[in-house]
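The values are calculated or read from the model by the stated rules, or taken from the named source; none is laboratory data. The structure displayed is predicted, hence computed values, not measured ones. A quick note on method: Cβ atoms are made from the backbone with ideal geometry, for glycine too, and the neighbour counts reach across all protein chains shown. When the accessible area is computed, the model is the full protein with side chains, heavy atoms only, and any ligands, DNA or RNA have been set aside. Shrake-Rupley method; radii C 1.70, N 1.55, O 1.52, S 1.80 Å.
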Amino acid sequence: MSWKQAHPGIQLPEGSWWDWDVIAWDAGELRLAAGYDLSYHHGLELVFGDLVFAGCPAMFSDPEFRAPTSEERERAARQFGEEPPVLVAFEADAGGREPVSCLIAAERLEIVHESVLRYWRNDAAPGQRFAPWVRPPA
């Protein structure tokens, strides 16, 4: 499935971005990973820096990015003091009966398009990136 720009702040590269999960989340950064099958690798990361707030499930699929509603913009402005530079809204399948509404506010957004392995390979190419939890065998 190809993704087109669905929100002025997000331009996803062409690809099959069906499955998504949170691979890192701390006080300063939220990193979402996407791919067509997250078992072995992912090919896309949305890295939200200087996170203001985030409301999304740890795993979801088939997000439909959209412009934030006026209520979501007001909510973000109350939290941030003004509307944050990055405000991303989307609906996603989180396994329930209805899609879940998600909202992420941050100072910046970086879109990283590269293959990231989710398992160890001794024969990985030089410079190959691994997911944060992947370590060489003991």
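Looking only at region 8-28, how many residues end up being surrounded by 15 or more Cβ atoms within 10 Å (Cβ to Cβ) and free of Cβ contacts under 8 Å to residues at least 60 places away in the same chain?
Count: 6.
What tally of residues in region 1-28 results from selecting those that are at pLDDT below 95 and in a strand (DSSP E or B)?
4
List pairs: first in region 43-63 and β-branched (V, I, T) and at pLDDT 95 or above, second open to solvent by 10 Å² or more (accessible area, probe 1.4 Å) and in a strand (DSSP E or B), Cβ under 9 Å, 6+ apart or cross-chain?
Listed pairs, sorted by first residue: V47/A24; V47/E29; V47/R31; V47/R108; V47/L109; V47/E110; V47/I111; V47/V112.
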